[in-house]
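Just below is one structure, and these are the notes that go with it.
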Amino acid sequence: MESIGRLSSRVLEHLSDPVVKSAVKVKSTILGEASSFLRGKNFVELLPTIVSPITDPLNHEVHTTRFTYYDQEYRLTQSMIFHKQLACKSFERIFIVSPNVRLETSEKALSGRHLFEFSQIDLEIRNAKREQIMSLIEDLIITVMLSVKRNCSEEMDFLSSDPSIPSKPFATVKFMDAYEQYGKDFETILSASFSEPFWLIDFPIWEREFYDLLSEDKRTLKDMDLILPHGFGETLSGGEREWEHQRILERMGFKGNDPEELSWYMDIAEGGELVPTAGCGIGVERLTRYVCSLDNVSRTRLFPKVPGQSWI
């Protein structure tokens, strides 16, 4: 266990780091510009749901946090996927700047891309298709990067960062095509070889969660990741959602999910009250790391939480 004195020294050192301060300023600009962009597209901003009886089961190992308040069990909200889908009953277009706490396993500490407390720009649109979301995000990314260059020139000069503004449409790569050509590390290989962001689409059914909409071929999903170039990797996941009760049950059976874990959501689905939606979540720290050309996402927050480490 690290001593209190040593830890406090690290905190102060991090808070005074000019790289950190520059990156946090850039991240503030990214958040402000993205929010303005979405409001200009008639999105309604919602406040985040921090704890909930239900949350995203995710498709990888994390430590689960649960607590009981009176007679109700709650969990930390690992993503707002179900809440976003339900919110589209009320509004056609919604977004949330949502904090996420995912207690990742300690081997993620050295990736440079993982924090166990991070932020996402979550958005969802009723009756939307994947391609609509992709086009919207391309416009958002271009708008945000132009704003950073215009409003954070001093910080970008200090960081020696000058990422190029991507052009539309972004390139598209199919998951299985990349997997067959490069093997299981294809994302790392492709990210290092591209000079602009690109889309990874059509993930196989076994690769993602039950709520990603299954395509007509019954093998691939109508989803996508946005992969950043120069080795910075994935910064966004999303796609179209399952919304019919029987299809959700079938997908949960395939993935081994327990419907009881999502009981009130499943009750709503059984009543035919879910609506078809599509959306995504953008990792704010990962996008900031790319824009600022940083080695680690921990330098994009004043109080970073790194998996498996004693930190701020």
Would you list, by chain and number, the lysines whose Cα falls below 20 Å from the Cα of Lys129, excluding same-chain residues fewer than 8 positions away?
Lys41, Lys84, Lys89, Lys168, Lys174, Lys218, Lys222
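Can you tell me the order of 234-242, 280-288 when each peptide is scored by its average per-residue count of other Cβ atoms within 10 angstrom, highest first? Provide the component values of the computation, followed by the final result.
Values: 234-242: 22.6, 280-288: 24.7.
Peptide ranking by packing, descending: 280-288, 234-242.
By how many nm would the segment from Ile189 to Val11 grow when fully extended, if each residue of separation counts as 0.36 nm and the alpha-carbon distance is taken off?
Values: separation 178, 0.36 × 178 = 64.08 nm, distance 3.49 nm.
Length gained between Ile189 and Val11: 60.6 nm.
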Run the Debye formula on the Cα coordinates of region 59-132, all scatterers equal and no solvent, and tell me log10 I(q)/I(0) at q = 0.13, 0.20, 0.21 1/Å.
-0.54, -0.99, -1.02
For region 9-66: span of alpha carbons on each principal axis (Å, largest first)
39, 38, 19
Please list, in order along region 64-77, the HN-Hα scalar couplings obtained from phi with the Karplus expression 6.51 cos²θ - 1.76 cosθ + 1.60 (θ = phi - 60°), rounded to whole Hz, x for Gly and Pro.
8, 10, 10, 8, 10, 10, 6, 9, 10, 8, 10, 9, 5, 6
For region 265-312, the spread of Cα positions along each principal axis, largest first, Å:
47, 27, 15
Region 184-236 - Debye-derived log10 I(q)/I(0), Cα point model, q = 0.29 Å⁻¹
-1.02
Quick one: grab Rg to one decimal and Dmax as a whole number for the chain, Cα atoms only, in Å.
19.6, 59
Just the projected area, averaged over all directions, of the convex hull on the alpha carbon atoms of region 26-152: how many nm²?
9.5
Computed FRET value (nearest 0.05) for Gln246 with Leu58, which takes r as the C-beta separation and R₀ as 22 Å:
0.40
With label points built 7 Å along Cα→Cβ from the Cα atoms of Glu154 and Asn127, find their separation and express it in nm.
4.8
Over all alpha-carbon pairs of region 212-293, lay out the pair-distance distribution in 5 Å bins, whole %, shortest bin first.
3, 13, 18, 17, 16, 12, 10, 7, 3, 0
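Quick one: if you take sqrt(5λ) for each eigenvalue of the C-alpha gyration tensor of region 165-312, what semi-axes come out, biggest first, whole angstrom? Present the calculation step by step, with values, prior to reporting the outcome.
Working: eigenvalues 189, 89, 41 Å².
Taking √(5λ) for each Cα gyration eigenvalue gives 31, 21, 14 Å.
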Any idea how far the Cα center of region 15-64 sits from the one of region 132-168, in Å?
17
So how exposed is Glu250, as accessible area in Å² (1.4 Å probe, rounded to 10)?
110
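Take the Cβ-Cβ distance between Asp267 and Trp206 as r, set R0 to 25 Å, and report the resulting FRET efficiency rounded to the nearest 0.05.
Details: r = 28 Å, r/R0 = 1.10.
It comes out at approximately 0.35.
Over all distinct Cα pairs, what is the inverse of the mean 1/r for region 140-209, reported as the Kirkwood hydrodynamic radius in Å? Numbers along the way, then the final one.
Numbers: mean 1/r = 0.0697 Å⁻¹.
By the Kirkwood definition, the hydrodynamic radius is 14.4 Å.
The values are calculated or read from the model by the stated rules, or taken from the named source; none is laboratory data. Fair warning: this is a prediction, and the values are worked out from it, not measured in the lab. Reconstructed Cβ throughout: ideal geometry from the backbone, glycine too, with neighbour counts over all protein chains shown. Surface areas here come from the heavy atoms of the whole protein model, side chains and all, with no ligands, DNA or RNA. Shrake-Rupley method; radii C 1.70, N 1.55, O 1.52, S 1.80 Å.
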